[in-house]
Structures are given as structure tokens and as C-alpha cells.
Amino acid sequence: MNVEQTLQRALGNLSRLQAERGSWPSDYGGPMFLLPMWVALAYVSKRLPDAQRTARLLTYFTNVQRPDGSIGLHAESTSGSMFTSTLSYVAMRLLGLPADDARAVRLLEWIHGNGGALGAASWGKFTLCLLGLYDWKGIVPLLPELWLLPAEAPLNPGRLWCHARMVYLPMAWLYGTRSTAPDDPLLRALRLELYQGRYAELNWEAQREVVAKADSYRPATAALKGVNLAQVGLEKLSGLLRKRALEECLKLIRHEDAATHDLDIGPVNAVLNMFVHFFRGAEGRADFERGWPKFDKAYLWDGHDGLKMQGYNNAELWDTAFAIQAITAGERAGLLSLDDTKSVLGKAYVFLRDNQILEDVPEAARHYRHPSRGGWPFSDREHGWPITDCTAEGLKCALALEGRFEKRIPEVLLHDAVKLILSWQNDDGGWATYEKQRGGTWLEALNPSQVFGDIMVDTSFVECTSACVQALVKARERFGSTFQLDEPIARGVKFIREQQRPDGSFEGSWAVCFTYGTWFAISALRAAGVSRNDPAIRRAVSFLLGKQRQDGSWSEHGDTCRERRWLDGHEGHAAQTSWALSALVRAGCEDKAALEKAAQWLCARQGEDGSWPREPMVGVFNRTCLINYDCYRHYFPVWALAEWTHVTTSVASP
Ligand code: LAN
């Protein structure tokens, strides 16, 4: 095994993949409910793609179709979903696939064999309503009037996790106006196919809470049933306030468009906001025309398996921050020279610098927005929503590279990043994703999505907390007593300790799963000065060692997240092995043989060109949906191997 050669080759690969602007653009597909929503919009607005792109889109659906004919919630699902099967069926037909095409036949057979399209999860029914393929009477009302509630009201939507809030906002407008595409022969044919001729005689009110077994990850609680009933009652009284409520929704929608340069926080509200503008007719035309081409460029990705829709406009800041840290770890280990890395890191630094957010959005509080200045986003400045851990990783990189390149990031902006991180800390000591926690966790009982877990409130997470603690530790080294950081760090450490599970592991929420969470937890605890002999560290180490495979690797199956227990993957996984190896090294693990075996496995796994092979998706959100972080395999092995080399060639820390 030659680690130095492995790192040299990996650096060559990273430099080939780096874009001119300094970042690493990559495939961020995976979720299967996104593309059909965009196809529906393209159909309704008469902007279906040309023949070549249509073929690429159909290739993607074909590649993702499961052996039983269904389409899963994400591209590697181990079971079918009524939500995504129904929407994908409709999308494929709207793209011109004939009903008697074998793929369509198998998909429709699965739909009928598993309870039928009436059981599609709520977001599926909603999308069908826009196409006139489901009756608005058959969904639980989404009251726009909720947006008129005073800010202090517990049910004010401003308290929701920003992603849920921004999806339910255009949904409320579209529901409130009952916006529906005009009927045509293809839509009539689809109604026949989906409901086997029963459409006209269905009792729609009775379908509101019907959900297929396949889509019932979060079945309605008694509380949700109560709220749904209340909404049905309130909908009947809505007349007086409706106009004002719709105006308020539209105002917020347009503010979001403007603040994100029409990218919107995510793919779902990007499509739904355009639906809103389309249905506004002449008044919304300009908004629609700006959004449409923007969306195409930002969210569609032609990948190895076809043309797909990404889960975010891109993942570039996040990837750049990790690539920087991996490469600088290689330098510290003496495996990469400053000459080797100069060009790659120089470009990456420019990307980092040019994508820090410099301003708060206009009238932030009025639009439920936290301050933004000094933060880093997940993708780029144009998108504009700063995130806790992206800001933390960005700050870590800015400090690590400070002074090495021309045009450095001004110190006031580094201060702003620190202040922003501090402003986000929750009362429980942890950090959530985008905002300080705003709603009680009891709101989770009202999650109406059925297929996603934990979408209602932004609560503290191990990963976000770890990144913020690590960044604050670095900020303390750099800025001394300019900030009072001891207490925030200590509270973060306490939060992380409280998350440890009886088996010693930490559960991750944004990647699969226990290797990821445990890597973050150990990293923060050790960075904050917790001893390697601390029982929390010892227990985490034995958890990880207990999961190492015969061949030296680690592998957790994607279903681990939805089941919330360890499930073995099929084959060693480079990203997961890297997290485990790095975690063990940082923890000061003394089992040198285990570490060596992991390092050997990683080196052997590398290809001639310096890349690691494509592997099962490891990104995840809301427990159930996997998403592809295609660059993880390119830099995490570098980082872990560098750290391992570093400790094997120097004296261990206390
Ligand atoms: C992301 C992408 C980035 C990710 C990290 C920064 C990596 C994480 O540490 C915190 C959570 C966050 C910000 C995250 C949350 C959920 C997102 C936004 C996504 C996985 C990208 C797509 C996903 C979004 C919710 C998809 C749309 C689906 C809905 C249920 C609204």
C-alpha cells in the first residue's frame, strides 16, 4: 500500500473535476418526487422539452423503475411508493409515452395492485389536483388564512422548518384558488387509466385521509385528524379573509423568489412558485418567464443514468469546504506539497470567498427570515439561504487558508460568521439547520406529508452542532477574547453528549447514518478538548470497531435511516469507511491493526485515475429519502487517509 501515491492520484482527480469557478459541480439527484412535478408544470405551461431531452428524461425513469414495476421514493428505494409511482406514471405519459408501452403497463399494474392512485401521499394528490387528475374536494384544506395568524400564534406557519414552510406556502395559494389545468384528451385518458373509469362516481370527501400502505411512513395522529377536521370546517367560513390571505401568500412567495434570484430554497417550492405565477395569468407572466429558464439551468442534471432533477440548485459550497479540508489534511500529513495543492486550493478559496453571503434579505423579520450576513450557503451566494453547518464548514476553511492567497476574506466578515453562528444556537445547546428552533416538537404530530419524518420543526442535530462547535473552537484560537466562546462551546458539547445512544453510537440525520453521526460527534468532542479516555469517546470507539467488516471497511444500508437501527450494507463503502477511520483516528483509537486494515481497504479501492467507484447513495433527508452526494467518494478517503498517516507518523495527543 502506498498512501502517498493514493493521495497524489486523488488530488489529480480532484483537480480534473474542479470547475473554473473553483467548485466541484456534481450529480445531486436521488429523490423521485421532484421530476414529475416539473414535468407537470412543463405540460400545463406548454413547454415540454424537445425530443432529445424527452428521451433522456424517459431513460432516467426507465433506469429507476424497480423490478416489480414501481418507482420508489428515491432512486435506490427497496420498495415502491404510491406517491412517486403515480406521479411518475403521469409524467411519463405527459412526456408522450404511450399507455401500452411495457414500462407504463408495469407501472400502472403496480399502482392498481397496491391500492390505486387514491392512496398516493398528500403531495401526490396535490400535484394531481393541479392537473385536474384528482378533485380538490379530496384533499385536506391547506388554509391560506394561517398566514394571517399573529406571529405569536403556535400555528403560525413561520414556525415551521423553512423547507416545509416554503412548500406549504405556494400550496396554500394554489389550494385557495383551486388552480387547475384546462382539460384535454390526454388528461381525460389519464383519468380513465388511473381510476379505471370510476372518476365521475368517486366520493372525494371520503378520499382525504386515504393513504396506501406503501406511503404510510407517518400515519395521521389523532391530533392531525382533529386539525384536519377543523380545517374542513374553517374552509367553509373562509370567504371573508380569503382575498387578503392569498395576497399575503403571494407577497411572501415573491419575496422568496427575489431573495433567491428565482432559485428558491429548494426544488419543490421552485416548481410550485412557478405554478402560482403561471396560474396568475398575465399578471404572473414576468415572474414565470424569469423563473423558467433559471430553473432549467440550476435544477436539471444530465447524469450517467439520464436527465434528472436535483435536490438543490447544487451542492458546491458544501463539497468545496470538504475538499479543502481533505487536501489541507494531506498537506499536514506531508503527503501533498504546497506546490502540488496551490492551484486547486487557490481556486477553491476564491469560490469560498465569492460565495459568502454579504447581506441580510430585505425586511427579513417581516418575511420570517433570520439574518444572513456572514453566512455560507449549501450551494452558492445566488441561492442565498445560509445554513448553520455550511457556515461553520465555510468558516473553518476560511481560517485554515487565511493568508495563503491574494484577496483574503476581510476579518469583519469572519467576525460576522462567528456572530451568526452564535445567534443560531438553540436553548438546548445544539444547532438546527437554517434557523433557531421556532416551534415546539409537538408540531411534529401534525406532519401531514405521510412519507417524510420530522419535517415540521427545525431542531438541533448532532451534525450541525458538531460543525458549529468545531468552527467556534477554531474561532477561539484565532480571535482570542474578541468573542465569549467558552460557554457556547460547552453547551454544544453537552448537547452532543446527550445524543449518544446506549450502544455508543450517534445517529446522523443528513447521511447514512451511524458512521456519519458518530464521526461528527467524536470530531466535535475531541476538538473541544474531551479526553480520548472519556467514557463517551471510548463507547463510540467500541461501537465503530464492532461494525468493521472482515475486509476492513464499513457499510451501512440506506434503509438504516428510516428504520433507525443499524442495517448492514452489501459491500464496503468508501465514504462510510472514511468517516469511521477518521473518527477512530480523532478518538485516539489504539487498535492500530483495525485502522491499518481500513486504510488498506481505501487504498485498494481507488481506481487508476485517482477516483473511487460510484457507490450507494449516502445523503438523506427527513429519514426516508436518499440523495446522491457524488463527490463524497472523491475527497473523504483523502481526508481519512491523511489523518491516519499523520497519527501513525507522529505522537498521539492526550
Ligand atoms: C439538504 C442539503 C444540505 C443539508 C446539509 C447542510 C448537508 C445538512 O447538514 C443539513 C440539512 C441540509 C441543509 C438539507 C436539508 C434537506 C434538503 C434541503 C437537503 C437534503 C437538500 C434537499 C432537501 C429538501 C428538503 C428536499 C425537498 C423535500 C422536501 C421534503 C421539502
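The values are calculated or read from the model by the stated rules, or taken from the named source; none is laboratory data. Given the structure is predicted, the values throughout are model-derived calculations rather than measurements. A quick note on method: Cβ atoms are made from the backbone with ideal geometry, for glycine too, and the neighbour counts reach across all protein chains shown.
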Exercise. Filter region 352-366 for residues that are among the β-branched types (Val, Ile, Thr) and either in contact (Cβ under 8 Å) with a residue 40 or more places away in the chain or away from the ligand (no atom under 16 Å from the Cβ) (or both) and give the result.
Key: 361
Practice problem: Please go through region 367-405 and pick out each residue that is within 11 Å of the ligand (Cβ to nearest atom) and of a type in the set (S, T, N, Q). | Solution: 379, 388, 391
Quiz item: Would it be correct to say that residue 263 is away from the ligand (no atom under 12 Å from the Cβ), in a loop (DSSP other than H, G, I, E, B) and of a type outside the set (Gly, Ala, Ser)?
Solution: yes
Quiz prompt | Residue count, region 595-654 (criterion: without any contact (Cβ under 8 Å) to a residue 60 or more places away in the chain, more than 14 Å from residue 333 (Cβ to Cβ), of a type in the set (Gly, Ala, Ser) and assigned to a loop (DSSP other than H, G, I, E, B)) | solution = 1
Quiz item: Quick one: in region 629-650, which of the residues that are under 30 Å from residue 311 (Cα atoms) and of a type in the set (Ser, Thr, Tyr) is surrounded by the most Cβ atoms within 10 Å (Cβ to Cβ)?
Solution: 635
Quiz item: Has region 81-88 got any residue that is modelled with pLDDT of 95 or more, under 30 Å from residue 285 (Cβ atoms) and crowded, with 24+ Cβ neighbours inside 10 Å?
Solution: yes
Self-check item: Positions within region 121-140 being in contact with a Ser or Thr (Cβ under 8 Å, 6 or more places away or on another chain) and more than 20 Å from residue 454 (Cα to Cα), in sequence order
Solution: 128, 129, 130, 131, 132, 136, 139
Self-check item: Those residues of region 1-59 which are on the phi > 0 side of the Ramachandran plot and touching a strand residue (DSSP E or B) at 6+ places or on another chain (Cβ under 7 Å), in sequence order
Solution: 30
Quiz item: So which residues in region 246-269 are among the small types (Gly, Ala, Ser) and either farther than 22 Å from residue 370 by Cβ or surrounded by 17 or more Cβ atoms within 10 Å (Cβ to Cβ) (or both), if there are any at all?
Solution: 259, 266
Quiz item: Does region 550-593 hold any residues that are part of a loop (DSSP other than H, G, I, E, B), more than 24 Å from residue 607 (Cβ to Cβ) and touching a Lys or Arg at 6+ places or on another chain (Cβ under 6 Å), and which are they?
Solution: 588
Self-check item: region 171-189 residues that are of a type outside the set (A, V, I, L, M, F, W, C), paired with ones that are buried (at least 17 other Cβ atoms within 10 Å of the Cβ) (beta carbon under 6 Å, 6 or more apart)
Solution: 175/142; 176/144; 176/246; 178/136; 179/279; 180/132; 183/132
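So which residues in region 7-51 are aromatic (Phe, Trp, Tyr) and within 16 Å of the ligand (Cβ to nearest atom), if there are any at all?
As a first pass, look at region 7-51 and keep what is aromatic (Phe, Trp, Tyr): 24, 28, 33, 38, 43.
24, 28, 33, 38 - these are the residues of region 7-51 that are aromatic (Phe, Trp, Tyr) and within 16 Å of the ligand (Cβ to nearest atom).
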Practice problem: Kindly indicate whether any position in region 306-313 is out of contact with any strand residue (DSSP E or B) (no Cβ under 8 Å at 6 or more places or on another chain) and within 16 Å of the ligand (Cβ to nearest atom). | Solution: yes
Quiz item: Has region 383-390 got at least one residue that is outside any loop (DSSP other than H, G, I, E, B), crowded, with 23+ Cβ neighbours inside 10 Å and not hydrophobic (A, V, I, L, M, F, W, C)?
Solution: yes
Quiz item: Looking at this structure, is residue 272 surrounded by fewer than 21 Cβ atoms within 10 Å (Cβ to Cβ) and either touching a residue at least 40 places away in the same chain (Cβ under 8 Å) or at negative phi (or both)?
Solution: no
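Yes or no, residue by residue, for (1) among the aliphatic types (A, V, I, L, M); (2) touching a His at 6+ places or on another chain (Cβ under 8 Å); (3) surrounded by 19 or more Cβ atoms within 10 Å (Cβ to Cβ):
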position	(1), (2), (3)
99	yes, no, no
109	no, no, no
116	no, no, no
122	no, no, yes
130	yes, no, yes
137	no, no, no
Quiz item: Considering region 401-424 alone, what residues qualify as being in contact with a Ser or Thr (Cβ under 9 Å, 6 or more places away or on another chain) and either of a type in the set (D, E, K, R) or surrounded by 19 or more Cβ atoms within 10 Å (Cβ to Cβ) (or both)?
Solution: 401, 417, 418, 420, 421, 424
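Listed residues 418, 451; which is in a loop (DSSP other than H, G, I, E, B) and either closer than 17 Å to residue 389 by Cβ or within 15 Å of the ligand (Cβ to nearest atom) (or both)?
Details: 418 fails: in a loop (DSSP other than H, G, I, E, B).
Being in a loop (DSSP other than H, G, I, E, B) and either closer than 17 Å to residue 389 by Cβ or within 15 Å of the ligand (Cβ to nearest atom) (or both) holds for just one of 418, 451, which is 451.
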Practice problem: Select from region 147-157 the residues that are surrounded by 19 or more Cβ atoms within 10 Å (Cβ to Cβ) and away from the ligand (no atom under 16 Å from the Cβ) and list them in ascending order. | Solution: 147
Quiz item: What helices (runs of 4 or more DSSP H), lying completely within region 62-170, carry at least 1 residues that are among the small types (Gly, Ala, Ser) and closer than 27 Å to residue 262 by Cβ?
Solution: 82-94, 122-130
Quiz prompt | Residue among 349, 368, 312 that is out of contact with any Ser or Thr (no Cβ under 7 Å at 6 or more places or on another chain), surrounded by fewer than 23 Cβ atoms within 10 Å (Cβ to Cβ) and of a type in the set (Ser, Thr, Tyr) | solution = 368
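Which of the residues spanning region 421-448 are in a helix (DSSP H, G or I) and more than 30 Å from residue 353 (Cβ to Cβ)?
Taking region 421-448 as the starting set, the residues that turn out to be in a helix (DSSP H, G or I) are 421-423, 441-446.
If the condition is that a residue be in a helix (DSSP H, G or I) and more than 30 Å from residue 353 (Cβ to Cβ), then 441, 442, 443, 444, 445, 446 are the ones that fit.
Residue check: is residue 16 among the basic types (Lys, Arg), within 30 Å of residue 356 (Cα to Cα) and more than 25 Å from the chain's Cα centre (by Cα)? So that I can check it myself, show each step before the final result.
On the way: among the basic types (Lys, Arg): yes; within 30 Å of residue 356 (Cα to Cα): yes; more than 25 Å from the chain's Cα centre (by Cα): yes.
In short, yes.
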Quiz item: Listed residues 241, 194; which is surrounded by 14 or more Cβ atoms within 10 Å (Cβ to Cβ), modelled with pLDDT under 95 and either over 30 Å from residue 285 (Cβ atoms) or away from the ligand (no atom under 16 Å from the Cβ) (or both)?
Solution: 241
Quiz item: Scanning for something within 16 Å of the ligand (Cβ to nearest atom), buried (at least 18 other Cβ atoms within 10 Å of the Cβ) and closer than 18 Å to residue 450 by Cα, does region 216-229 turn up at least one residue?
Solution: yes
Quiz prompt | Qualifying residues in region 499-525 (those that are within 15 Å of the ligand (Cβ to nearest atom), part of a helix (DSSP H, G or I) and of a type in the set (A, V, I, L, M, F, W, C)) - the one surrounded by the fewest Cβ atoms within 10 Å (Cβ to Cβ) | solution = 520
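Would you confirm whether or not region 459-480 contains a residue that is aromatic (Phe, Trp, Tyr), modelled with pLDDT of 95 or more and closer than 18 Å to residue 322 by Cβ? Break it down stepwise before answering.
As a first pass, look at region 459-480 and keep what is aromatic (Phe, Trp, Tyr): 461, 479.
So of that shortlist, the ones also modelled with pLDDT of 95 or more come out as 461, 479.
Among the residues that remain, those that are also closer than 18 Å to residue 322 by Cβ are: 461.
Yes, some residue in region 459-480 is aromatic (Phe, Trp, Tyr), modelled with pLDDT of 95 or more and closer than 18 Å to residue 322 by Cβ.
Of all residues in region 19-43, which are within 23 Å of residue 336 (Cα to Cα), surrounded by fewer than 21 Cβ atoms within 10 Å (Cβ to Cβ) and not aliphatic (A, V, I, L, M)? So that I can check it myself, show each step before the final result.
Taking region 19-43 first, the residues within 23 Å of residue 336 (Cα to Cα) are 19-24.
With the extra rule that they be surrounded by fewer than 21 Cβ atoms within 10 Å (Cβ to Cβ), the set shrinks to 19-21.
Scanning region 19-43 gives 20, 21.
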